[in-house]
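Participant: Could you have a look at this structure, given as structure tokens, before my questions?
The values are calculated or read from the model by the stated rules, or taken from the named source; none is laboratory data. In this text the structure is predicted, and so the values were computed from the model without any measurement. FYI the Cβ positions are ideal-geometry reconstructions off the backbone, even for glycines, and counts take in every protein chain you see. Just so you know, the surface numbers come from the protein's heavy atoms only, side chains and all, with ligands and any DNA or RNA stripped out. Shrake-Rupley method; radii C 1.70, N 1.55, O 1.52, S 1.80 Å.
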Amino acid sequence: MPGSAFYDVDSLAKVAINLFYGWGYNFYRQENQLRADDQLIRSKVGLLLGWAHKSVEKAERDYRRDFLPAPSREKPRPDAAAMAGAQTIEKLSRAIGELQGQISAQPVPENDRMTQRYRQETATLQHLIAADQKLVGQSELLRSMLELKNGAWLIENMTALQDGINAISETLRTRQLLLFPTV
């Protein structure tokens, strides 16, 4: 019914705006767009690391299949060097999985009065976007390094791969310090 309060655009807009403000949200503020962008970027970084993780898992499966055959009467124990290589690849896989979890668990700045009292939200979010851009670049570089590589290549290039893991970890720590300077 057009005469009903459900059709009064002005009064509905006032109610909606009051609720948005009460919930601490105003979709016209730049901070909210930056906060949403930050969450989107982190989800994409997680996706890139997920692809890197799958590449390492595939390389590990193939490596184990090729270098660690089932025990036989002639050779009941696996080759120690092959076993060490498989464990090295497994550690890399675990490290990438941990990074993926850390990225998804990273907080964004709260939108409350206490936070706003101690820091400029827009500036903080812009610094976070810069850190997240660095994370995207680092994660894509790691993903591209791992794409279609076999286990032997991973073992040979473990120093460079570990540098990538360390760089991503350092960027995550820097990102955390932007939000919680006392951490």
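Participant: At most 16 other Cβ atoms within 10 Å and a DSSP loop assignment: could you name the GluC sites (Glu not before Pro) in the range 28-79 that fit?
Facilitator: Glu74
Participant: Got a number for the accessible area of Lys54? Probe 1.4 Å, square angstrom, nearest 10.
Facilitator: Counting only protein heavy atoms, Lys54 exposes about 130 Å² to solvent.
Participant: If the reach is capped at under 19 angstrom between alpha carbons, list the lysines near Lys58, excluding any in the same chain fewer than eight residues apart.
Facilitator: Within the straight-line cut-off, Lys58 pairs with Lys91, Lys149.
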